[in-house]
Amino acid sequence: VYLPIAAPAFDRWGGDRHGENLFSDSIVAVEARTGKHLWHFQTVHHDIWDLDLPSATLVSVKQNGKAVPAIAVMNKTSILFLLNRVTGKPLFETREVPVPVDTDVPGEKPWPTQPMSVTPPLAKTSYEQGDVANVTPELKSFCEKLIADKHVVPAKPFQPLRTDSAVASFPGSLGGVDWGGAAFDPGRGMLVVNTNNLAALATLIARPDGSFEMKD
């Protein structure tokens, strides 16, 4: 049995759960008859973006002339990991990549690296100040005002949230890939995935007990 596990709670602040937070945002393989843990693969360490693991699809991958039983997993960033279904090992290169850790949130300790696959993300994963919709002058003006009012800052992949400005997290907590998941066509060897590019503009605000909650 392959268990896709969601983000931990609270999913935008991790000051009370330092570390990688296994087994959140992980695919966990267990023996169906006994529940024995076989292997796991975590797609996000110390999730503070509500990225979950909404898509896990059994597939077959041709590698070195052979068909390999595999599982395709994607969190909401739409980063695709293809894993050997028996061993849990990535079929294509996956590296721990340094990511931003700068935050003004007291007590927060973002994890310094995140797993990245050589397969390109299926949705937008960053934001620059010039990324403004300009289909019409009215839409551009609306977006520019929203960015100014919320003090939206540029964001790289896995940019931590802040209290003094809004981080434009792409693809945001709705995905990228969301709970609709993916489908596999074994005849053509094709994985079909529904994606979107919708940012989450989020700021953290302090609670009286010293924890933090998100303000959209």
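The values are calculated or read from the model by the stated rules, or taken from the named source; none is laboratory data. Note that the structure is a prediction, hence the values are computed from the model and not measured. Don't worry about glycine lacking a Cβ; one is built from the backbone with ideal geometry, like all the others, and counts go over all protein chains shown. For the accessible areas, the whole protein counts, side chains as well, though only heavy atoms, and no ligand, DNA or RNA atoms are used. Shrake-Rupley method; radii C 1.70, N 1.55, O 1.52, S 1.80 Å.
Out of the range 178-193, which residues are modelled with pLDDT under 90, of a type outside the set (D, E, K, R) and on the phi < 0 side of the Ramachandran plot? Scanning the range 178-193 gives Trp179, Gly180.
Looking across the range 23-48, the residues that are over 11 Å from Ile5 (Cα atoms) and open to solvent by 40 Å² or more (accessible area, probe 1.4 Å) come down to Glu31, Ala32, Arg33, Thr34, Gly35, Lys36, His37, Leu38. Among the candidates Val101, Val59, the residue that is of a type in the set (Val, Ile, Thr), modelled with pLDDT of 95 or more and open to solvent by 70 Å² or more (accessible area, probe 1.4 Å) is uniquely Val101. Here Thr77 passes the criteria (1) assigned to a loop (DSSP other than H, G, I, E, B); (2) open to solvent by less than 20 Å² (accessible area, probe 1.4 Å); (3) under 25 Å from Asn197 (Cα atoms); (4) at pLDDT 95 or above except the one numbered (4).
Residues considered: Pro137, Pro121, Pro112. Of these, the only one that is under 12 Å from the mean Cα position of the chain (by Cα) and without any contact (Cβ under 8 Å) to a residue 60 or more places away in the chain is Pro121.
Looking at the structure I just gave you, is Leu51 under 20 Å from the mean Cα position of the chain (by Cα) and either open to solvent by less than 50 Å² (accessible area, probe 1.4 Å) or not charged (D, E, K, R) (or both)? Spelling it out, Leu51 is indeed under 20 Å from the mean Cα position of the chain (by Cα) and either open to solvent by less than 50 Å² (accessible area, probe 1.4 Å) or not charged (D, E, K, R) (or both). Which one is farthest from Thr103 (Cα to Cα) among residues in the range 124-176 that are β-branched (Val, Ile, Thr) and surrounded by 13 or more Cβ atoms within 10 Å (Cβ to Cβ)? Among residues in the range 124-176 that are β-branched (Val, Ile, Thr) and surrounded by 13 or more Cβ atoms within 10 Å (Cβ to Cβ), the one farthest from Thr103 (Cα to Cα) is Val132.
Any chance the range 109-126 includes a residue that's part of a strand (DSSP E or B), of a type outside the set (Asp, Glu) and either over 30 Å from Val152 (Cα atoms) or in contact with a helix residue (DSSP H, G or I) (Cβ under 9 Å, 6 or more places away or on another chain) (or both)? No, there is no match, as no residue in the range 109-126 is part of a strand (DSSP E or B), of a type outside the set (Asp, Glu) and either over 30 Å from Val152 (Cα atoms) or in contact with a helix residue (DSSP H, G or I) (Cβ under 9 Å, 6 or more places away or on another chain) (or both).
If you go through the range 185-195 and pick out every residue that is open to solvent by less than 60 Å² (accessible area, probe 1.4 Å) and either assigned to a loop (DSSP other than H, G, I, E, B) or farther than 22 Å from Ala56 by Cβ (or both), you end up with 1. Counting the residues of the range 55-99 that are at positive phi and in contact (Cβ under 8 Å) with a residue 12 or more places away in the chain gives 2. Against the list (1) under 21 Å from Ser26 (Cβ atoms); (2) at pLDDT 95 or above; (3) surrounded by fewer than 19 Cβ atoms within 10 Å (Cβ to Cβ), the condition Val118 fails is (2). Looking across the range 196-209, the residues that are at pLDDT 90 or above and open to solvent by less than 50 Å² (accessible area, probe 1.4 Å) come down to Thr203, Leu204.
Mind listing whichever residues of the range 159-184 are touching a strand residue (DSSP E or B) at 6+ places or on another chain (Cβ under 7 Å) and in a strand (DSSP E or B)? Matches in the range 159-184: Ala166, Val167, Ala168, Ser169, Val177, Gly180, Gly181, Ala182, Ala183, Phe184.
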